[in-house]
1. When segment 361-380 is examined, which residues are found to be in contact (Cβ under 8 Å) with a residue 24 or more places away in the chain and out of contact with any Leu (no Cβ under 9 Å at 6 or more places or on another chain)?
2. Every residue in segment 55-70 that is of a type in the set (D, E, K, R) and within 16 Å of ligand 1 (Cβ to nearest atom), please.
3. Kindly indicate whether any position in segment 383-391 is crowded, with 17+ Cβ neighbours inside 10 Å, modelled with pLDDT of 95 or more and more than 30 Å from the chain's Cα centre (by Cα).
4. Just to check your reading of the model, which residue among E426, E401, E437 is loosely packed, with under 15 Cβ neighbours inside 10 Å and within 25 Å of P341 (Cβ to Cβ)?
5. Could you say whether any residue in segment 3-20 is within 11 Å of ligand 1 (Cβ to nearest atom) and farther than 23 Å from T393 by Cα?
6. Restricting the search to segment 297-341, which residues are touching a residue at least 12 places away in the same chain (Cβ under 8 Å), in a loop (DSSP other than H, G, I, E, B) and either under 30 Å from P380 (Cα atoms) or open to solvent by 70 Å² or more (accessible area, probe 1.4 Å) (or both)?
7. Would you pick out the residues in segment 40-54 that are of a type outside the set (D, E, K, R), within 8 Å of ligand 1 (Cβ to nearest atom) and more than 10 Å from F107 (Cβ to Cβ)?
8. Could you pull out the residue among S186, S196, S208 that is open to solvent by less than 30 Å² (accessible area, probe 1.4 Å), closer than 18 Å to Y146 by Cβ and free of Cβ contacts under 8 Å to residues at least 60 places away in the same chain?
Amino acid sequence: MPLALYDTWSRTVRPFTPIRAGHVGMYCCGPTVYDHAHIGNLRTYVFEDILRRSLTRNGFEVRHVVNITDVGHLTSDADEGEDKMEKGSRRTGESAWAIAQRYTEAFVADWHALHLLEPTVWCRATDHIAEQIALIGELERAGYVYRTDDGLYFDTGKQDNYGFLARLDRGGLQAGKRVAVGDKRSITDFALWKFSPIDVTRQMEWDSPWGRGFPGWHIECSAMSAKYLGIWFDIHCGGEDHVAVHHSNEIAQTQAAHGTRLANFWMHGHFLTLDADTKMSKSSGDFVRLQTLQRRNIDPVAYRYLCLTAHYRSQLHFSWASLDAAQTALNRLRRLYSGWPGGGRVDPDFAARFDAEVNEDLNLPRALAVLWELVKSNLPPATLRATVDSFDTVLGLGLREWRPAVFDIPENIAVLLSERERARAERNWARADEIRETLNALGWRVEDGKVGQRLIGITTDQTEIGSE
Ligand code: AMP
Ligand code: ZN
């Protein structure tokens with residue numbers, strides 16, 4: 001079954017055919033680096049990673065571009081308020097540049113902890129100011145730009161289909177507007193370039209033909225995606241919140257300058273929610289980070305597993321219980337997997353079923369169900385391993401690289417273990433059971449597996465603390 005993907009532009013699941021045979025250009029809106037990413041942001045990147053891996057599994061060569069927003073994202077999407085970077089700088093006392101660097105590094109660390117594949121290109125907004133200025137110049141020449149006291153704005157009134165991506169009701173918006181329009185001609189107009197205030201020296205500002213200042217948030221993605229992928233590429237991704245404003249504006253800019261809607265497919269990951277209607281937001285300051293999970297001894301890969309259990313186009317409600325369940329399932333899979341020998345072949349029936357689910361708009365929950373059905377089947381263990389290995393190229397759980405945590409075993413316990421190993425070899429089951437009891441009394445549980453004894457440390461509250 002060929003790959004079919006949901007496209008927000010057409011609002012349909014349609015067959016995916018690349019613009020250039022065999023190759024896929026994919027642009028993903030990256031983080032605004034004024035603070036840590038929260039696990040909601042990370043859900044969107046996991047979805048994009050699954051998409052990329054699925055494209056690769058379908059034989060396409062993927063060029064994956066991710067930007068880093070380190071300037072221009074204002075605290076309000078209506079181009080009001082402060083630059084998030086400069087605000088972050090006031091909060092921590094560091095320079096905006098140092099903050100951007102620090103949170104970019106933290107973000108990349110999260111990226112790797114979640115087994116997200118390295119993008120072909122990472123691009124920073126501040127490294128592409130010239131490209132953004134050039135694009136604003138083109139928009140100006142095409143007649144889409146007007147000037148107010150505080151900046152240059154894109155005139156959305158000049159585009160009949162502005163906001164089509166979001167099926168925006170422009171008339172309704174204008175009539176019911178709740179945000180200040182200021183000197184803007186229309187509520188949907190947006191900043192391309194903001195002037196530095198006369199009385200304040202900004203940390204991040206540049207000269208331009210229109211005056212000293214900084215780019216608006218949307219122009220960076222139109223400029224950088226065109227630079228690295230061209231003005232008409234295959235897939236543009238982001239979270240669902242980007243549909244109405246950010247992506248609608250990227251399309252408006254590119255259409256005005258180049259006559260294309262930038263990408264053939266527009267794909268959006270739905271939100272991770274904390275409770276029924278609270279979206280996670282960095283600006284609320286109350287969010288869960290990957291490090292929050294790690295502090296609770298939860299493996300980042302368990303969070304990845306949790307993301308796979310929900311379709312990317314449905315909301316995923318976060319709870320600690322669901323994360324624990326994901327960790328338990330992942331641990332089980334890892335233990336089973338590590339007991340299977342190599343040298344087997346992929347089972348073609350299970351592989352075809354798995355691929356059919358993946359290719360139907362990335363139905364990972366159903367693909368996972370196929371995986372568990374496989375694991376519970378009575379196929380030879382070597383076949384299980386080879387087939388799960390092949391699934392893992394999409395799932396990205398890193399099963400092949402996983403090693404059980406090794407911890408220090410106290411001397412007396414080690415002596416008892418080897419004594420028990422000897423008793424087992426001599427088929428002295430009574431002695432082996434006796435030693436098991438002794439170990440239990442000392443706080444250790446021992447399990448007999450195919451490949452020998454497995455030791456599990458038990459804390460006083462009966463939770464497992466590790467295994468070997
Ligand atoms: P930001 O760093 O705020 O620019 O967001 C980075 C990415 O995370 C964007 O693609 C957002 O759409 C996405 N995002 C923000 N909040 C959530 C959430 N609660 N769940 C899933 N994705 C989100
Ligand atoms: Zn973007």
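1. Scanning segment 361-380 gives N363, L379, P380.
2. Restricting attention to segment 55-70, the residues satisfying the condition of being of a type in the set (D, E, K, R) are 57, 61, 63, 70.
Result: D70, single match.
3. Yes: segment 383-391 contains one or more residues that are crowded, with 17+ Cβ neighbours inside 10 Å, modelled with pLDDT of 95 or more and more than 30 Å from the chain's Cα centre (by Cα).
4. On the way: E426 fails: within 25 Å of P341 (Cβ to Cβ); E437 fails: within 25 Å of P341 (Cβ to Cβ).
It is E401.
5. no
6. Hits for segment 297-341 are D299, T309, A310, R313, Q315, G339, W340, P341.
7. G40, T44
8. Values: S196 fails: closer than 18 Å to Y146 by Cβ; S208 fails: free of Cβ contacts under 8 Å to residues at least 60 places away in the same chain.
Testing whether each residue is open to solvent by less than 30 Å² (accessible area, probe 1.4 Å), closer than 18 Å to Y146 by Cβ and free of Cβ contacts under 8 Å to residues at least 60 places away in the same chain leaves just S186.
The values are calculated or read from the model by the stated rules, or taken from the named source; none is laboratory data. These numbers come from a predicted model, not from an experiment. For neighbour counting, all protein chains shown are included, and Cβ atoms are generated from backbone atoms with ideal geometry for every residue, glycine included. SASA here: full protein model, heavy atoms, side chains in, ligands and nucleic acids out. Shrake-Rupley method; radii C 1.70, N 1.55, O 1.52, S 1.80 Å.
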